[in-house]
Amino acid sequence: GAVVSQHPSRVICKSGTSVKIECRSLDFQATTMFWYRQFPKQSLMLMATSNEGSKATYEQGVEKDKFLINHASLTLSTLTVTSAHPEDSSFYICSARPRRDTDTQYFGPGTRLTVL
Amino acid sequence: AQKVTQAQTEISVVEKEDVTLDCVYETRDTTYYLFWYKQPPSGELVFLIRRNSFDEQNEISGRYSWNFQKSTSSFNFTITASQVVDSAVYFCALSDISGNTPLVFGKGTRLSVIA
């Protein structure tokens with residue numbers, strides 16, 4: 001099946017720093033990528049929808065200036081957590097929708113962010 | 001609006017027991033997809049099944065089976081002869097057919113299989 005990667009898989013940073021998470025579709029082109037956040041023992045909550053070449057659409061309550069999303073190519077979307085704080089510590093998961101199979105989404109393995 | 005309810009927060013069973021995980025959904029769409037994912041401690045989501053709302057036939061895959069009841073808006077998941085490796089959090093999810101919208105997840109059911 002299609003493969004989606006995320007990098008890094010785990011990151012620990014100090015409060016106030018910015019962290020970039022990459023989501024790549026390795027063997028297909030993705031017109032749309034979704035970013036989810038999962039707090040411990042909770043479900044996945046959608047943060048934003050990222051379409052190639054256009055601005056991301058953020059869910060209510062998600063600060064677009066804090067969570068910068070860039071979908072610069074059909075195989076890469078990045079999520080940058082700016083000025084991270086301990087409450088941003090979470091598991092971030094992306095999913096990608098192939099251009100040729102639009103009713104399917106493939107999930108990345110997730111990135112665990114810990115902000116000290 | 002779409003909504004997925006997994007009423008069972010945690011379930012513990014002894015190895016070799018059968019266990020059913022419940023999923024009830026709400027949607028105004030006449031066509032939609034239903035999913036089940038497994039999330040082991042590593043965190044990575046493992047795709048188990050996608051079911052089109054047109055297809056109400058039950059499905060069996062090895063020790064896994066799914067019971068889709070459109071009349072009660074339920075899509076329950078049964079593991080037969082459970083094993084310790086089945087211990088994980090299981091999520092039921094819903095999406096529309098177009099693929100333009102993200103998945104809506106239930107809160108998950110944590111399954112612990114005890115040897």
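The values are calculated or read from the model by the stated rules, or taken from the named source; none is laboratory data. Computed from a predicted structure; not experimentally measured. Glycine also receives a Cβ, built like all others from the backbone with ideal geometry; neighbour counts cover every protein chain displayed. Please note that ligands, DNA and RNA were not included when accessible areas were found on the heavy atoms of the full protein model with its side chains. Shrake-Rupley method; radii C 1.70, N 1.55, O 1.52, S 1.80 Å.
These residues, A:Arg10, A:Arg24, go from largest to smallest accessible area, 1.4 Å probe, as A:Arg10, A:Arg24.
Please go through segment B:36-70 and write out the GluC sites (Glu not before Pro) that DSSP classes as loop and that have at most 15 other C-beta atoms within 10 Å. Those that pass, being in a loop and sparsely packed, are B:Glu56.
When we measure straight from the Cα of A:Lys14, which aspartates and glutamates land under 14 angstrom away, once same-chain ones fewer than 8 places off are left out? Output for A:Lys14: A:Glu87, A:Asp88. Accessible area of A:Phe91 (1.4 Å probe, protein heavy atoms only, ligands and nucleic acids ignored): about 10 Å². Based on a Kirkwood Rh over C-alpha pairs, give the Stokes-Einstein translational diffusion coefficient of the protein assembly as shown at 4 °C and viscosity 1.567 mPa s in µm²/s. Diffusion coefficient, whole number: 71 µm²/s.
Simple point charges give the picture: +1 on the Cβ of Lys and Arg, -1 on the Cβ of Asp and Glu, and for the protein assembly as shown a dipole about the Cα centre of about 540 debye.
Among B:Val113, B:Asn67, A:Gln38, which residue has its Cα positioned farthest towards the positive end of the charge dipole of the protein assembly as shown, with +1 placed on the Cβ of Lys and Arg, -1 on the Cβ of Asp and Glu, and the dipole taken about the Cα centre? The residue sitting most towards the positive pole is A:Gln38. Between segment B:13-48 and segment B:53-112, the alpha-carbon centres lie 3 Å apart. The lysines within cross-link reach of B:Lys38, meaning a Cα-to-Cα straight distance under 20 Å and a gap of 8 or more places when in the same chain, are A:Lys41, B:Lys3, B:Lys16, B:Lys107. For chain B, the Kirkwood estimate of hydrodynamic radius, built from reciprocal distances between every pair of different alpha carbons, is 14.3 Å.
Computed over protein heavy atoms with a 1.4 Å probe, the accessible surface of chain A works out to 50 Å² per residue.
Paramagnetic label reach from B:Val84 (point 7 Å along Cα→Cβ; backbone nitrogen cut-off under 18 Å): within segment B:1-42, residues B:12-18, B:40-42. No disulfide-compatible partner, judged by a Cβ distance under 4.7 Å, exists for the following cysteines of the protein assembly as shown: A:Cys13.
In the elastic network of chain B, a GNM with C-alpha springs shorter than 10 Å, the most mobile of B:Asn76, B:Asn100, B:Asn52 is B:Asn100. Buried between A and B is an accessible area of approximately 1500 Å², summed over both sides with a 1.4 Å probe.
Of the residues A:Gln105, A:Leu116, A:Val81, the one whose Cα sits farthest toward the positive end of the charge dipole of chain A, with +1 on the Cβ of Lys and Arg and -1 on the Cβ of Asp and Glu, is A:Leu116. Rounded to the nearest 20, the size of the Cβ-charge dipole of chain B about its Cα centre is 160 debye, with Lys and Arg at +1 and Asp and Glu at -1.
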